[in-house]
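Student: Okay, handing you the structure first.
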Amino acid sequence: MERLCLKCGAQLAAPFKFCPGCAAAVPPEPELVATPPTAEKAPVQGAFSGLLFGFIAAPVLLIVGTMLCLTGLGAILGIPFIIGGILAPLLGPLMGYGMLVKGKCPWCGSPVSSLTSAQSFSCDACNHRLAVKNGTYIKAA
């Protein structure tokens, strides 16, 4: 790769450490260091507790719904139970199966929310550690 001398402007080939025209020192080319991509931080630990609840509730709702259908109450109660059993693995994480705590970050004041099962996590806005204690957010060391 061709470079120019900073003192006299002569063209330099890559292996030169000194300019052949004016003998000025040629600074080395900066090495391009690729930074590894950083993984995105999870805002909440234990976020899949609702999924576990959904997979536990699904067979129960399906069995109860089927039994209600066989007793003659199917159109009224059984079919909604069966539909709930099918949708339980999807609705469990949406409902959160755990109390959702909403509040403001004690470091920067931005709104944050998490499950009460989370021990501590990082604020999305300022990346400071937060902890949930008695339903409120506190600064975590």
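Student: Check off (1) crowded, with 16+ Cβ neighbours inside 10 Å; (2) at pLDDT 85 or above; (3) more than 27 Å from residue 139 (Cα to Cα) for residue 89 and give me the number that stays unchecked.
Tutor: Going through the list (1) crowded, with 16+ Cβ neighbours inside 10 Å; (2) at pLDDT 85 or above; (3) more than 27 Å from residue 139 (Cα to Cα), residue 89 breaks only (2).
Student: Looking at 65, 74, 54 in this structure, which one is modelled with pLDDT under 75 and surrounded by 16 or more Cβ atoms within 10 Å (Cβ to Cβ)?
Tutor: 74
Student: Right, something else. Take the conditions touching a strand residue (DSSP E or B) at 6+ places or on another chain (Cβ under 7 Å) and modelled with pLDDT under 75 and apply them to residue 114. Does it pass?
Tutor: When the stated conditions are applied, residue 114 passes them.
The values are calculated or read from the model by the stated rules, or taken from the named source; none is laboratory data. Since we're looking at a predicted model, the values are computed, not measured. Backbone-built Cβ (ideal geometry, glycine too); neighbour counts: all protein chains shown.
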